[in-house]
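Enquirer: Just passing along the structure, written as structure tokens.
Derivation of every value follows stated rules applied to the coordinates shown; laboratory data play no part. These figures come from a predicted structure and were not determined experimentally. Cβ: placed from backbone, ideal geometry, glycine included. Neighbour counts: every protein chain shown.
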Amino acid sequence: MSIVKTLLAGKYTTMLFRLALGAIFIYASVDKIAHPADFARAIFYYRILPVPLVNVLAVVLPWAELLAGILLILGIFTRGSVLLINLMLIVFIVAIAYNVLRGVDIACGCFTVSPTAKKHGLSLLYRDIGMLLMGLQIYFFDRGLLSLARRNQTRGS
């Protein structure tokens, strides 16, 4: 039992999850920032948002992903940045599940906004749920290992 607890709640597991999730969100933001019109098209194809909000989200969301990913890697405002990432993941899961249930298989626009991107359906849900579980682990068990915020706290003491 203690081995499982150590693996699930251990400071090294949390640090690895923090670094991995931060890197994933930074990577996911790059193509969207570079091609906002293509990302807006990907969002539009979900057919969930009113059209006026599509462009706003296409511009704001990638920058939020980038900022949250950077802060998570640096360990600054870790709880806030992982909370933002978890909220984004919940929205992504709901949007993908909605389209899977409707039988619509669209390119998600997750890591590339290319119109030739592969369509994955259920595998996207599994991936995002896995990332959400990582985010929840970070939220509840982060101890600030390799964190700039923790480093600054120890210097200030």
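Enquirer: In segment 128-143, whose amide N lies under 15 Å from the spot 7 Å out along Cα-to-Cβ of residue 11? List them in ranges.
Expert: Zone members listed by number: 141-143.
Enquirer: Still on this structure, I have one more. Could you give me the percent of Cα pairs per 10 Å distance bin for the chain, shortest bin first, beginning at zero and ending with the bin that holds the maximum distance?
Expert: For the chain, the binned pair fractions read 11, 36, 32, 15, 5, 0 percent.
Enquirer: Highest mean first, how do 64-72, 123-131 rank when packing is the count of other Cβ atoms within 10 Å averaged over residues?
Expert: 64-72, 123-131
Enquirer: Hey, another quick one. Highest mean first, what order results for 55-62, 132-139 on Cβ atoms within 10 Å?
Expert: Taking the mean over residues of other Cβ atoms within 10 Å, the ranking is 132-139, 55-62.
Enquirer: Calculated FRET efficiency, residue 91 and residue 125, Cβ-Cβ r, R0 22 Å, to nearest 0.05?
Expert: Computed FRET efficiency for residue 91 and residue 125: 0.95.
Enquirer: Another question, if that's okay. Could you work out the helix-only [θ] at 222 nm for the chain, with each DSSP H run of four or more residues adding -39,500 (n - 2.57) and the total divided by the number of residues, to the nearest 500 deg cm²/dmol?
Expert: -25500 deg cm²/dmol
Enquirer: Pairing the Cα long axis of helix 51-74 with the longest principal axis of the chain, what angle in degrees results, from 0 to 90 and rounded to the nearest 10?
Expert: Long axis of 51-74 versus the principal axis of the chain: about 20 degrees.
Enquirer: Once label points are set 7 Å from the Cα along Cα→Cβ at both residue 101 and residue 49, what is their separation, rounded to one decimal in nm?
Expert: Here the answer is 2.1 nm between the modelled labels.
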